[in-house]
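Down below is the structure, laid out as structure tokens.
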Amino acid sequence: MALLEVSQLDVRFALRQGEVKAIRDVSFTLERGERLGIVGESGAGKSVAAFSLLNLISKPGFIAGGSIRFEGQTLNTMSERGLRKIRGNRISMIFQDPMMTLNPVLSIGEQMVECLKAHRRISSREARAIALDKLRQVQIPSPEKRLDQYPHELSGGMRQRIIIAIALLLDPDIIIADEPTTALDVTIQAEIMALLLDLCEQHNVGLILITHDLGVVSQVTQRMLVMYAGRVIEQGPTREIINDPQHPYTQGLINALPQMATPGEKLNQIRGSMPSLSNLPSGCAFHPRCDFIKRADGQTRPACVEQVPGFVQTGNCQVACHMVAELLEDRRLKEESQ
Ligand SMILES: Nc1ncnc2c1ncn2[C@@H]1O[C@H](COP(=O)(O)OP(=O)(O)OP(=O)(O)O)[C@@H](O)[C@H]1O
Ligand SMILES: [Mg+2]
């Protein structure tokens, strides 16, 4: 049994204008100590997926179907009391904006001590010692001094180090990091990412890393999910997907990387933009932007416009694309006739 098992997750927002299907049929697993990346353009549903793992979707949002199982316990039907024992303790979250986690009116030490004492029966003195140890682990200069400082007195990079220290405070099994470095300067981003990776490895903590940055995903994660319009459209070992992407959308994301462009020429952006989730295109949600919708004979593949593609297995990856399914079928028929 995997540490975390997400199965056919379906998350919606009931708005006056109609229902927004933010997450549809998302399934994946995370093993202990494994690092999983979730990538996709803005609006793909990455953050909604992250929040729903801890049942943190608030009204008008709701989990409409599927399950989230952590060590065999179903989180999406668990009581708020039960969830509080898991959130921050067994599974912790790091957000893009440190101020979403840090309380501006409490010192760093007070927040860390409060968090420890909420989950463990220890004295303030013991809690302070643990907090100091975590600040040392995140290599913050003058850690003793930081305990008595307030969030606004610290730089963005230092605040994000403190967030990592807080995420690790209770020795969690999983950290969910949603764009943990995008608010930081590029030079500091790499340092913070390296620190997070190092600490997860040292403590055998599973990491779900949500990011736009395919470069980071390829350096940090072992497996990845590519999301588009609320669905996973490709998933598998990161190296396999980066080296040989199958889905036209994943191919587009990789081709759009600056390092793939010829110097002096325009970047190869995917044409068009992500559809609104309240008004999804028919069939494959990517079809209006897909350059492979036409078959070799020049005819549009009807399934792309009419049917939501299921997953096909290629190598160790799963891909939701009619074209890939067709290519695989052609190859199978060819092999059979030989
Ligand atoms: N509170 C909400 N009310 C209504 N719809 C919402 C709400 N939160 C999210 N959504 C819907 O879910 C979609 C996905 O949002 P989400 O924040 O998960 O995207 P994302 O992939 O994290 O994007 P980004 O990369 O910009 O962070 C949104 O485009 C929106 O349609
Ligand atoms: Mg987001």
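Data overview
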| quantity | calculated |
| --- | --- |
| Tally of residues being farther than 21 Å from Q251 by Cα and either in a loop (DSSP other than H, G, I, E, B) or not assigned by TED's automatic domain parsing to the domain that holds G236 (or both) across region 308-333 | 0 |
| Any hit, region 23-39, residues being part of a helix (DSSP H, G or I), assigned by TED's automatic domain parsing to the domain that holds V220 and within 16 Å of ligand 2 (Cβ to nearest atom) | no |
| Test: residue in region 46-60 that is out of contact with any His (no Cβ under 9 Å at 6 or more places or on another chain), over 29 Å from Q17 (Cβ atoms) and of a type in the set (S, T, N, Q) | no |
| In region 205-255, the residues that are among the basic types (K, R) and assigned to a strand (DSSP E or B) | R223, R231 |
| Residue within region 67-76 that is at pLDDT 95 or above, hydroxyl-bearing (S, T, Y) and loosely packed, with under 15 Cβ neighbours inside 10 Å present | yes |
| Only one of A177, A183 that is surrounded by 18 or more Cβ atoms within 10 Å (Cβ to Cβ) and within 16 Å of ligand 2 (Cβ to nearest atom) | A177 |
| Residue satisfying condition, being of a type in the set (D, E, K, R), surrounded by 13 or more Cβ atoms within 10 Å (Cβ to Cβ) and touching a residue at least 40 places away in the same chain (Cβ under 8 Å), within set D291, D244 | D244 |
| Among residues of region 174-204, those that are in contact with a Leu (Cβ under 6 Å, 6 or more places away or on another chain) and assigned to a loop (DSSP other than H, G, I, E, B), counted | 0 |
| From the options N103, N89, residue that is more than 21 Å from V205 (Cβ to Cβ), touching a residue at least 40 places away in the same chain (Cβ under 8 Å) and in contact with a helix residue (DSSP H, G or I) (Cβ under 7 Å, 6 or more places away or on another chain) | N103 |
| Boolean, T211 is of a type in the set (S, T, N, Q), surrounded by fewer than 17 Cβ atoms within 10 Å (Cβ to Cβ), within 16 Å of ligand 1 (Cβ to nearest atom) and touching a residue at least 12 places away in the same chain (Cβ under 8 Å) | no |
| Filtered residue count, region 253-284, keeping only those that are within 16 Å of ligand 1 (Cβ to nearest atom), closer than 26 Å to N316 by Cα and buried (at least 19 other Cβ atoms within 10 Å of the Cβ) | 1 |
| Residue selected from region 70-98 under the condition within 16 Å of ligand 2 (Cβ to nearest atom) and outside any strand (DSSP E or B), by the criterion farthest from S155 (Cα to Cα) | F95 |
| First in region 40-69 and in a strand (DSSP E or B), second anywhere and hydrophobic (A, V, I, L, M, F, W, C) and within 12 Å of ligand 2 (Cβ to nearest atom), Cβ under 9 Å, 6 or more apart | G61/A22; G61/V48; G61/F51 |
| Within region 45-66, tally of residues that are surrounded by 15 or more Cβ atoms within 10 Å (Cβ to Cβ), under 17 Å from the mean Cα position of the chain (by Cα) and not aromatic (F, W, Y) | 11 |
| Qualifying position, being farther than 30 Å from I270 by Cα and either away from ligand 1 (no atom under 14 Å from the Cβ) or surrounded by fewer than 17 Cβ atoms within 10 Å (Cβ to Cβ) (or both), among S27, S107, S42 | S107 |
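The values are calculated or read from the model by the stated rules, or taken from the named source; none is laboratory data. Predicted model only: the values in this text are computed from it and were never measured. When we count neighbours, we look across all protein chains shown, and the Cβ atoms used for this are built from the backbone with ideal geometry, even at glycine.
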